[in-house]
Amino acid sequence: MKNKKETIAIDMDGVIADVEAQLIDWYHRDHGILISREDMIGKPEPEAFPDREAVLKFLQTPGFFRTLPVMPNAVEVVKELMNDYDVYIVTAAMEFPLSLYEKYEWLQEHFPFISWKNIIMCGDKSVIDTDYLIDDHIKNLDFCKGRPIMFNAGHNSSIDHHQRVHSWDEVRDLFSNIRNLSQSEAI
């Protein structure tokens, strides 16, 4: 009998899609004020900008989610993880209902190798039951049924009760170490 693969749920916004970069770009485009990533440290995204309502408006604007930049090395590392794990993309799309189709199109463009069966658009991630959850929001990680892994973001910089990764290269290294440890324990 073939062993079942462990599962990884990966958040979309702030983990494989760079929401911070998009907010910075759009705010600069519309308001002429350049906010740096350092300015965002320790603040929820809207509070990092002088006009918080503008940021909330961006999240409701058609095209915002469809044009998010991809996090560096996310595509390559997710492909690699799929060799050893069942990978699911889990996004709280119901918070911004206009984003549903845009997020699906974005995934089809940048992650076409992920089956539609492995894309979960939900409202409450506490129903997700995977071995690992990579997310940037504490509200999801605190209720993770498996092992929570916090993807670094300005808004979560002061939180220290979950394992943190700062990049997709660190995700690769972490799961390589997990694989190596599992193999050595199996011997």
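The values are calculated or read from the model by the stated rules, or taken from the named source; none is laboratory data. For clarity, every value in this text was computed on a predicted model and none was experimentally measured. Ideal geometry is used to build each Cβ from the backbone, glycine not excepted, and the neighbour counts take in all protein chains shown. In case anyone asks, the SASA skips ligands and DNA or RNA and just uses the protein heavy atoms, side chains included. Shrake-Rupley method; radii C 1.70, N 1.55, O 1.52, S 1.80 Å.
Per-residue surface analysis assigns residue 76 an accessible area of about 90 Å², computed on protein heavy atoms at 1.4 Å probe radius. Extents of the range 103-158, taken as max minus min of Cα coordinates on every principal axis and listed largest first, are 34, 25, 19 Å.
For q = 0.10, 0.18 Å⁻¹, what log10 I(q)/I(0) does the chain give under the Debye formula with an equal point scatterer on each alpha carbon and no solvent? Cα-only, vacuum Debye calculation for the chain: -0.41, -1.29. Ordering 12, 82, 94 by accessible surface, largest first, gives 94, 82, 12; the 1.4 Å probe counts only protein heavy atoms, with every chain in place. For the chain, the longest principal axis of the C-alpha atoms and the axis of helix 99-110 are separated by about 60°. For a modelled paramagnetic label at residue 178, 7 Å from Cα along Cα-to-Cβ, the residues of the range 80-99 in reach, with backbone nitrogen under 20 Å, are 80-92.
Just list whichever of 57/145; 43/145; 117/145; 43/79; 43/125; 4/103 have alpha carbons separated by over 24 Å in the model shown. Pairs exceeding the cut-off: 57/145; 43/145; 43/79; 4/103.
Heavy-atom accessible area with a 1.4 Å probe sorts 4, 117, largest first, into 4, 117. Tell me, what is the FRET efficiency for residue 38 and residue 84 to the nearest 0.05, using R0 = 45 angstrom and their Cβ-Cβ distance as r? The formula returns an efficiency of 0.80 here. Within the accessible area of the range 1-117, the carbon and sulfur atoms contribute 55%, probe 1.4 Å, all protein chains present. For the range 1-44, backbone nitrogen atoms closer than 14 Å to the point 7 Å from residue 115 Cα along Cα-to-C-beta are found at 5. Taken about its Cα centre, the range 101-170 carries a charge dipole of roughly 200 debye when the Cβ of each Lys and Arg holds +1 and the Cβ of each Asp and Glu holds -1. Per residue, the chain exposes 53 Å² of solvent-accessible protein surface, assessed with a 1.4 angstrom probe and all protein chains in place.
In this structure residue 31 has an accessible area near 80 Å², from a 1.4 Å probe over the protein heavy atoms.
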